Amino acid sequence: MLYLQHMTSELDDIDFLHMGRTCLGHAARRTANLLTRHYNRHMAALGLELTQAQLLAAIADGSAASAAEIARFLGIDRSTLARNLKPLEAAGLIARRQVGGRTVLPVLTPEGEEKVVEIHKTWLKAQGEVSALLGPDGADAVRAHMSALRKAVHILEDSAPENRAPEIAAGVPPSKTNS
């Protein structure tokens, strides 16, 4: 009981509403969820979700030399990519092609090419609706701020202690060696 009373007084000192209003992660997630629902409403007519449409568009681009590059472009890990490719392959929209050694790339089938043309038309409409409300300067500003946020988080990830050499993460300065 004493512990609960102690915690309660500590909790009373925290402004959780302020935390929710100012948290960049919370704002980004809420915005991403809302935008995803908007695009999903449009993509539903094609029997797709936004994630599938983005994946098909990335495959259609054809510039990736590996599945890892596609995953990196989409901001997902390779296991998520593999899971997302399965229903597209089952629907006959993609096939897997060996491009050298053990490298296998997803490629569009003729049905997939037709679907990507439909995706593009649908995406233009969904994108246009949001962009029209923001105006050209507003849309550019949003993209610039999101890019800056991604860059900041990448810097933090790269400098996170778990990404450093063990001695540096422990606060031990690197030893000087004589060459």
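Within the accessible area of segment 1-153, the carbon and sulfur atoms contribute 59%, probe 1.4 Å, all protein chains present. The stretch between GLU69 and GLN127, if pulled fully straight at 0.36 nm per residue, gains 18.4 nm over its current Cα-Cα span. Label positions at ALA95 and ASP61, each projected 7 Å from the Cα along the C-beta direction, are separated by 2.4 nm. With R₀ set to 25 Å, the beta-carbon distance separating ALA28 from SER159 gives a calculated FRET efficiency near 0.80. Measuring with a 1.4 angstrom probe and ignoring ligands and nucleic acids, THR109 comes out at about 20 Å² accessible.
Rolling a 1.4 Å probe over the protein heavy atoms leaves HIS120 with an accessible area of roughly 100 Å². Return the aspartates and glutamates within reach of LYS121: Cα separation strictly under 15 angstrom, same-chain partners fewer than 8 residues apart disregarded; answer none if there are no such residues. Cross-link targets: GLU49, GLU113, GLU129.
The convex hull of the Cα atoms of the chain, projected and averaged over all directions, covers 19.2 nm².
Helix 78-90 axis versus longest C-alpha principal axis of the chain: approximately 30°, rounded to the nearest ten. Placing pseudo-labels 7 Å out from each Cα toward the beta carbon at LEU17 and ALA45 gives an inter-label distance of 4.2 nm.
The values are calculated or read from the model by the stated rules, or taken from the named source; none is laboratory data. Keep in mind it's a predicted model, so treat the numbers as computed, not measured. Neighbour counts run over all protein chains shown; Cβ positions are idealised from the backbone, glycine included. These accessible areas exclude ligands, DNA and RNA; they are computed on the full protein's heavy atoms, side chains included. Shrake-Rupley method; radii C 1.70, N 1.55, O 1.52, S 1.80 Å.
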